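Q: A single structure is presented below for examination.
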Amino acid sequence: MSQAVFATHEVFNQSPPFENVDLYAADRPLLEAVGANGGAAAEGELSEFGRLWGSGAMADRGRLANENTPKLRTFDARGHRRDEVEFHPAYHQMMALSAHAGVHHATWTADGKPAGGASEVIRAAKFYMAAQVETGHLCPITMTRASVAALAEQPDLLSRVMPVLGTRSYDPTFTPWWTKRGMTVGMGMTEKQGGTDVRSNMTWAEPDGNAYRITGHKWFMSAPMCDAFLVLAQAEEGLTCFFMPRFAPDGSVNAIHFQRLKDKLGNRSNASSEVEFHGAYAERVGEEGKGIRTIIQMVQLTRQDCAIASAGLMRSGLAHALHHARHRSVFQKHLADQPLMQAVLADMALHVEASIALVMRLCRSFDRAPADPKEAAYMRLLTPAIKYWVCKSAPGFLYEAMECLGGNGYVEEGILARHYREAPVNAIWEGSGNVMCLDVLRALSREPEAVAGIVHELTGETLGLPGASDATAFITKAFSRPDSERVARLAVEKLALLAASAALNAVSPRHAQLFAATRLAANHPGMYGAVDFATKDIGGLLERALP
Ligand SMILES: Cc1cc2nc3c(=O)[nH]c(=O)nc-3n(C[C@H](O)[C@H](O)[C@H](O)COP(=O)(O)OP(=O)(O)OC[C@H]3O[C@@H](n4cnc5c(N)ncnc54)[C@H](O)[C@@H]3O)c2cc1C
């Protein structure tokens, strides 16, 4: 028989790659959420970013950086310590492009003050689009951006760091930070005996002239090629925050010894290390004994980014699912025209619309918090609630998105398998689910009146939406129970759903009605698509999601 008989390579009924799209212009819910929260003027800049990150070249970089994972080079061939981690060039390219767009510092002025305007919203839109392509490299990007909030407690140090951190250059050379064109900053809090409970940190700090020497370990310290880390250690007056650079002031490599890299479920382009400090040089950030109060400023911002990234992952899942369904035929009809698939996709589109509206509303509160106490209260109460709801919803969502592509969704050549493995980490790190609920309760107990004011505002913003007034009553009652911790997940989820309904109402009132009807007035069924939407609403949701 001739070779041709066996040729199975006439490929048809497969969707073309979802590449070379403008991730901004193709995403009306994003565009409208950015506009509703003050960022409309940045449309040109965001579209340029969207075209670059939606290109086939960026998709390749994302794949390559995850297939070729970082390698720890502990020693050189002659036995000298190196403590360097090597990354694939694609990782460095993505770092450079994110830095070039200012994603690692654009919310700060040159001297490290909040930039104001809509800088949080605009930067969040970029972070959201980059997350649709590759989230591993965003770990050092988010930590660097967030570190400025903690460094603000030590103005002399901040003023030395900002001229390097505040450039749009990415400089991966392994040299002292003060000699570089740009820098990145990581964080080390988690130790073997405690991650949530950082008060149990055993790493200790001893004064050495104007600086300190730190001895101990960290069990998770991501992005180990950062130029410096904010670490917690016990000093004379208690747990304290320190700035620990990779090089000591005399130019010698600091005593930061990496033990190994974590073998992680996802987030594979990014290295996460186990590390020991052998009398490592460090400078104090903030007062001795006030370490948690100092580093929590940074953590608040990384929590915000966790929610943005999870929303981005879900957006990517939705876009790939919808794109595939519009090209793939089953039983002589495109999947996108099959009523059951339409119900699944529309319900998913509604979830993403609400998530992005909510996340952008949160970012507006970060923009306005320095000058507006009400927005500051919104930020404090809603950051943990939104991180909880958005991040925890991502793994289930991405599983469903993967299933929309059938078998193709499950294989590693496509992006959805990677997104699925990536999805849980945003909920786990920087305060896992229960910890976020406890944080909401803490905000309530510390500022009950401000929080009551926020719930009152949300009530006004959701007036007339199905189930909204019952949700408000439920939240108020649950939070005032003496055993509120027992029902905290119930109440925090309701709070996030109420806030999402309010945020969506400001962008798309019809979709806020649908969202509230299926999520507030009733418990959303366990599976996407178990809803009864009118044909007109399905068409509207899907057209907005991807024209
Ligand atoms: C990929 C990755 C990267 C990371 N990078 C870093 C990094 O760069 N720097 C860093 O410092 N850390 C990092 N971490 C660590 C991460 O922040 C911690 O794993 C996280 O904070 C949880 O701490 P833990 O692992 O000690 O779990 P635990 O603190 O033991 O918590 C276990 C579980 O108990 C729950 N829990 C805790 N307290 C309570 C309570 N009072 N009531 C009810 N439930 C509770 C938590 O929600 C969690 O589900 C990283 C983790 C991962 C997975």
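Q: Scanning the chain for GluC sites (Glu not before Pro) in DSSP loops with at most 11 other Cβ atoms within 10 Å, what's the longest stretch left with none?
A: On the way: sites that count: E10, E236, E237, E413.
No qualifying site falls inside 11-235, the longest such stretch.
Q: What ratio of Cα Rg to 2.2 N^0.38 Å holds for segment 400-521?
A: Numbers: Rg = 17.6 Å, N = 122, 2.2 N^0.38 = 13.7 Å.
Relative to the rule-of-thumb radius for its length, segment 400-521 sits at 1.29.
Q: What value in Å³ per residue do you get for the convex hull of the alpha-carbon atoms in segment 420-464?
A: Working: hull volume 4.6 nm³, N = 45.
In segment 420-464, the Cα hull volume divided by residue count equals 103 Å³.
Q: Could you run the Karplus curve 6.51 cos²θ - 1.76 cosθ + 1.60 with θ = phi - 60° over segment 252-261 and give me ³J(HN,Hα) per residue in whole Hz, x for Gly and Pro?
A: For segment 252-261, the Karplus-derived couplings read 7, 5, 5, 7, 10, 10, 7, 8, 6, 9 Hz, x marking Gly and Pro.
Q: If you place +1 on the Cβ of every Lys and Arg and -1 on the Cβ of every Asp and Glu, how big does the dipole about the Cα centre of segment 429-547 come out, in debye to the nearest 20?
A: On the way: 11 positive and 13 negative charges, 35 e Å.
Magnitude of the dipole: close to 160 debye.
Q: Where does the Debye-calculated log10 I(q)/I(0) of segment 1-143 sit at q = 0.14, 0.16, 0.21 Å⁻¹, using only Cα point scatterers of equal weight, no solvent?
A: -0.77, -0.90, -1.25
Q: Which value, in debye to the nearest 20, describes the size of the charge dipole of the chain about its Cα centre when Lys and Arg Cβ atoms bear +1, Asp and Glu Cβ atoms bear -1, and nothing else is charged?
A: In debye, rounded to 20, the chain gives about 300.
Q: Taking amide H atoms as placed 1.01 Å from N in the peptide plane, list the residues 5 or more away in sequence, or in a different chain, whose amide H sits under 5 Å from that of Q259.
A: E274, V275, E276
Q: In whole angstrom, note down how far apart the Cα centers of segment 242-310 and segment 477-509 are.
A: 33
Q: Residue-wise, which Karplus ³J(HN,Hα) couplings in Hz belong to segment 55-71, taking 6.51 cos²θ - 1.76 cosθ + 1.60, θ = phi - 60°, and x for glycine or proline?
A: For segment 55-71, the Karplus curve yields 7, x, 5, 5, 4, 4, 4, x, 5, 4, 5, 8, 6, 10, 6, x, 10 Hz.
Q: Cα-based Rg (one decimal) and Dmax (whole number) for segment 52-114, in Å?
A: Radius of gyration, then largest Cα-Cα span, for segment 52-114: 16.2, 47 Å.
Q: Which whole-number percent gives the relative contact order of segment 73-194, counting Cα pairs below 8 Å spaced six or more residues apart?
A: Reported as a whole number, the value is 25 percent.
Q: Please work out the Kirkwood hydrodynamic radius for segment 394-455, using every pair of different C-alpha atoms, and report it in angstroms with one decimal place.
A: That comes to 14.0 Å for segment 394-455.
Q: Quick check: pseudo-label points 7 Å beyond the Cα along Cα→Cβ at R489 and R28, how many nm apart are they?
A: About 3.7 nm separates the two model spin labels.
Q: Please work out the FRET efficiency for the pair A371 and D337, using the Cβ-Cβ distance as r and a Förster radius of 51 Å; give the result to the nearest 0.05.
A: Efficiency, rounded to the nearest 0.05: 0.55.
Q: Using the Cα atoms of segment 1-71 to build a convex hull, what is its mean projected area in square nanometres?
A: Quarter of the Cα hull surface area: 8.9 nm².
Q: Related question: Which number comes out as Rg/Rh for the chain once both Rg and the Kirkwood Rh are worked out on C-alpha atoms?
A: 0.98
Q: In addition: Once all Cα-Cα distances of segment 372-420 are split into 10 Å bins that start at 0, what whole-number percent is in each one?
A: 25, 30, 20, 17, 8, 0
Q: Now a separate question. Per q in 0.12, 0.15, 0.21, 0.23 Å⁻¹, report the Debye log10 I(q)/I(0) for segment 283-397, using one uniform scatterer on each alpha carbon and no solvent.
A: -0.57, -0.74, -1.07, -1.18
Q: Averaging the inverse of every distinct alpha carbon separation and then flipping it gives the Kirkwood radius. What is it for segment 231-349, in angstrom units?
A: One over the average 1/r among Cα pairs gives 19.0 Å for segment 231-349.
Q: Rounded to whole Å and sorted largest first, what semi-axes of the equivalent ellipsoid does the C-alpha gyration tensor of segment 218-279 yield via the square root of 5 times each eigenvalue?
A: Semi-axes (√(5λ), whole Å): 22, 15, 10.
Q: Now, a different point. State the Kirkwood hydrodynamic radius of segment 271-311 in Å, one decimal place, computed from all pairs of distinct Cα atoms.
A: The answer is 13.0 Å.
Q: Let me ask another. With the crude spin-label approximation of a point 7 Å out along Cα→Cβ, what separation in nm comes out for A506 versus A452?
A: Going from the A506 label point to the A452 one covers 2.4 nm.
Q: A further question on this structure: Would you mind working out the accessible area per residue for the chain, using a 1.4 Å probe, and quoting it in Å²?
A: 41
Q: Given the Cα-Cα distance of R73 and E86 and 0.36 nm per residue of separation, how much length would full extension add, in nm?
A: Between R73 and E86, full extension yields 3.9 nm more.
Q: Run lengths n ≥ 4 of DSSP H only: what is the helix-derived mean residue ellipticity at 222 nm for the chain, with -39500 (n - 2.57) per run over all residues, to the nearest 500?
A: The per-residue figure over the chain is -16000 deg cm²/dmol.
Q: Turning to a different aspect of this structure: Assuming R0 = 41 Å, can you tell me the calculated FRET efficiency for the pair D197 and E543, based on Cβ-Cβ distance, to the nearest 0.05? All intermediate terms of the calculation are to be shown ahead of the outcome.
A: On the way: r = 48 Å, r/R0 = 1.18.
Given R0 = 41 Å and the Cβ-Cβ separation, E is 0.25.
Q: What does the extension gain come out to for S47 and E236, with contour length at 0.36 nm per residue minus their alpha carbon separation?
A: Values: separation 189, 0.36 × 189 = 68.04 nm, distance 5.14 nm.
Difference between extended and current length: 62.9 nm.
Q: Using the C-alpha gyration tensor of segment 128-277, what are the square roots of 5 times its eigenvalues, in whole angstrom, with the largest one first? Walk me through the numbers on the way to the answer.
A: Values: eigenvalues 105, 83, 42 Å².
Largest first, segment 128-277 gives 23, 20, 14 Å.
Q: Could you give the dipole magnitude of segment 86-199 about its Cα centre, charging the beta-carbon of Lys and Arg +1 and that of Asp and Glu -1, in debye to the nearest 20?
A: Working: 10 positive and 9 negative charges, 40 e Å.
Approximately 200 debye in magnitude.
Q: Sticking with this structure for a sec: Determine the share of the chain's accessible area contributed by carbon and sulfur atoms, expressed in whole percent, with a 1.4 angstrom probe. Write out the running numbers ahead of the final one.
A: Details: 12120 of 22430 Å².
Roughly 54 percent of what the probe reaches on the chain is carbon or sulfur.
Q: Considering the dipole of the chain built from charges on the beta carbon (Lys and Arg +1, Asp and Glu -1) around the Cα centre, which of V344, Y212, S119 is farthest to its positive end?
A: It is V344, whose Cα lies furthest towards the positive end.
The values are calculated or read from the model by the stated rules, or taken from the named source; none is laboratory data. The model shown is predicted, which means the values in this text are computed figures rather than measured ones. Because the Cβ atoms are built from the backbone with ideal geometry, glycine has one as well, and the counts that use them run over all protein chains shown. For accessibility, only protein heavy atoms count, side chains too; no ligands or nucleic acids. Shrake-Rupley method; radii C 1.70, N 1.55, O 1.52, S 1.80 Å.
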